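Asker: Once you've had a glance at the structure underneath, I'll fire off some questions.
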Amino acid sequence: MNIELGLNNTANNNEVVIEIDNIKKQYRLGTIGGGTLKGDLQSWWARVRKKEDPNTKIGSKVYAKNEKFMALNGVSFDVKKGETIGLIGGNGAGKSTLLKLLSRVTAPTEGEIRIKGKISSMLEVGTGFHPELTGRENVYLNGAILGMKRKEVDERIEEIIDFSECRQFIDTPVKRYSSGMFVKLAFSVAAHLNCDIMLMDEVLAVGDMAFQKKCIDKMVSVARDEGKTIIYVSHNMQTIRQLCSRCIVLKKGEVIFNGDVERGIDIYLHNDEITAKLFNDYTDCHRFNFLTDKVLMDSLQILDKDMCHYKDDEKIRFKLKMHCDEDVKSLSLRFMIHNSDQMVVATSACIGFMECKKGKSYEKVFELDVTPLATGVYKVLPVLFELNELGEVIDCDGVYPGLVFEHEKTTDLNWKSKLYGDTALADMICIE
């Protein structure tokens, strides 16, 4: 599956600085070589005689000869100068492998990568640091690795030390640093030294929250003001939202999405085709046990659409089936709509739409306008409740997720509506 949408490109210009053309990376599985010539000869002689390899560890899996694993399989995309690209996907999707190829740590099996500019990379905590050298010496070492002269590092070293918040320990060997101190100094070096492209692989996961915010602000600044290009790998979707102008989703070594950040996050989190959700079968749903169960839902079904995908000015029409175990004078329904982060972003209700009698079953059709919602995938908690004579709300039944749908915003967005939508949802209407 390969989905392409219009890019939310905030690059300074259209100059392409990275071209990735049909990249493939293949690895051999299992141990390669026995470590000694004698061990390799023993293993070879055992294979010739179709005997068990004497150098295989007990309990370890024995892979077939030349068994391969394709870490990347035909990845292609371009990156423009000044873009901040979020690279997301599950473990084993190929994110770190791709960054290693871009950093020239390893070479691709097939395909071509064309890079214009100098690269600074942080692929893991302490990459490029020598444990026996002090923090100050490692700053100069990293500068030398990046091809900078000593004079250029001298001009920036005080700024690097201040940003890293490690001045007290800067002349201490980094082997005595905590993982958080490692990240602070390594990020500070990568962000301040003279480079055109920054590659970051989950580097902020160890740092504290205040430093993470400081790093994100710095990356936004260098992309906007200095025209640096950033490719950022993270499992923290909030930092992807804050930093990135475009999102690329990898799955099993292939690009399955390249485009809008919110859409990419939704595809990564759900990773499946979005369809109407029926909850006749409660296998994947959680049913709430309220104080009373006068009315229970049997099913909720989307009408008119096979795919649960809505654009602006389209309304969700759904049928609710239920049965009553006790009389209810004023039955009502509310929708609590959750975004991909499981946060309630909107609610809507249909108050007092019917009176129901004990032992009866009912079917009702409702209509809900979801135009105000931002682009994204939403899960709904429908709740049936009763309003008594005093106006008190008595919840009877709720199922989560009772409904899953996707909304695509087609009108212009400002900074706020992009994340949260435009206004509150209108009340649901009972139409049948």
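The values are calculated or read from the model by the stated rules, or taken from the named source; none is laboratory data. Keep in mind the model is a prediction, meaning the values are calculated, not measured. For neighbour counting, all protein chains shown are included, and Cβ atoms are generated from backbone atoms with ideal geometry for every residue, glycine included.
Asker: Do you know which residues across region 312-347 are out of contact with any Lys or Arg (no Cβ under 8 Å at 6 or more places or on another chain), among the charged types (D, E, K, R) and at pLDDT below 85?
Answerer: Asp313, Glu314, Asp341 - these are the residues of region 312-347 that are out of contact with any Lys or Arg (no Cβ under 8 Å at 6 or more places or on another chain), among the charged types (D, E, K, R) and at pLDDT below 85.
Asker: On to the next question. Pairs only if they're at least six apart or on different chains, beta carbon under 8 angstrom, first in region 212-229 and of a type in the set (Lys, Arg), second modelled with pLDDT under 80 and in a helix (DSSP H, G or I); list them, first residue then second.
Answerer: Lys218/Ala191
Asker: If you go through region 373-399 one residue at a time, how many are at pLDDT 85 or above and either of a type in the set (S, T, N, Q) or more than 22 Å from the chain's Cα centre (by Cα) (or both)?
Answerer: Selection size over region 373-399: 13.
Asker: Another question, if that's okay. Determine whether Lys184 is surrounded by fewer than 17 Cβ atoms within 10 Å (Cβ to Cβ), in the same structural domain as Leu101 (by TED's automatic domain parsing) and not small (Gly, Ala, Ser).
Answerer: In short, no.
Asker: Scan region 172-216 for residues that are of a type outside the set (A, V, I, L, M), over 26 Å from Asn91 (Cα atoms), outside any loop (DSSP other than H, G, I, E, B) and in contact with a helix residue (DSSP H, G or I) (Cβ under 9 Å, 6 or more places away or on another chain) and report the count.
Answerer: Of the residues in region 172-216, 5 are of a type outside the set (A, V, I, L, M), over 26 Å from Asn91 (Cα atoms), outside any loop (DSSP other than H, G, I, E, B) and in contact with a helix residue (DSSP H, G or I) (Cβ under 9 Å, 6 or more places away or on another chain).
Asker: Starting from region 82-95, take each residue that is assigned by TED's automatic domain parsing to the domain that holds Glu254 and list its partners that are of a type in the set (Phe, Trp, Tyr) and in a strand (DSSP E or B), counting only C-beta distances under 6 angstrom and pairs at least six apart or across chains.
Answerer: So the pair list comes out as Gly86/Tyr232.
Asker: Condition first: farther than 19 Å from Met219 by Cα, in contact (Cβ under 8 Å) with a residue 12 or more places away in the chain and either of a type in the set (Asp, Glu) or not in a loop (DSSP other than H, G, I, E, B) (or both). Now tell me which residues in region 157-171 satisfy that.
Answerer: Phe169, Asp171, listed by residue number.
Asker: Give the residues of region 217-251 that are in a loop (DSSP other than H, G, I, E, B), of a type outside the set (Asp, Glu) and either more than 14 Å from the chain's Cα centre (by Cα) or farther than 17 Å from Lys95 by Cβ (or both), sorted by residue number.
Answerer: Passing the criteria: Gly227, Lys228, Ser245.
Asker: Quick check on this structure: which one of Tyr177, Tyr140 is in contact (Cβ under 8 Å) with a residue 12 or more places away in the chain, hydroxyl-bearing (Ser, Thr, Tyr) and surrounded by 20 or more Cβ atoms within 10 Å (Cβ to Cβ)?
Answerer: Tyr177
Asker: Now for a different question. In region 225-239, is there at least one residue being of a type in the set (Lys, Arg), assigned by TED's automatic domain parsing to the domain that holds Ser103 and more than 21 Å from Met148 (Cα to Cα)?
Answerer: no
Asker: Working only within region 308-351, note down all residues that are in a strand (DSSP E or B), loosely packed, with under 15 Cβ neighbours inside 10 Å, free of Cβ contacts under 8 Å to residues at least 60 places away in the same chain and within 28 Å of the chain's Cα centre (by Cα).
Answerer: Passing the criteria: only Val344.
Asker: For Glu165, state whether it is exposed (fewer than 15 other Cβ atoms within 10 Å of the Cβ) and in the same structural domain as Cys215 (by TED's automatic domain parsing).
Answerer: It is false that Glu165 is exposed (fewer than 15 other Cβ atoms within 10 Å of the Cβ) and in the same structural domain as Cys215 (by TED's automatic domain parsing).
Asker: Tell me, which residue of region 147-156 that is over 34 Å from the mean Cα position of the chain (by Cα) and assigned to a helix (DSSP H, G or I) is surrounded by the fewest Cβ atoms within 10 Å (Cβ to Cβ)?
Answerer: Looking at residues that are over 34 Å from the mean Cα position of the chain (by Cα) and assigned to a helix (DSSP H, G or I), I get Lys151.
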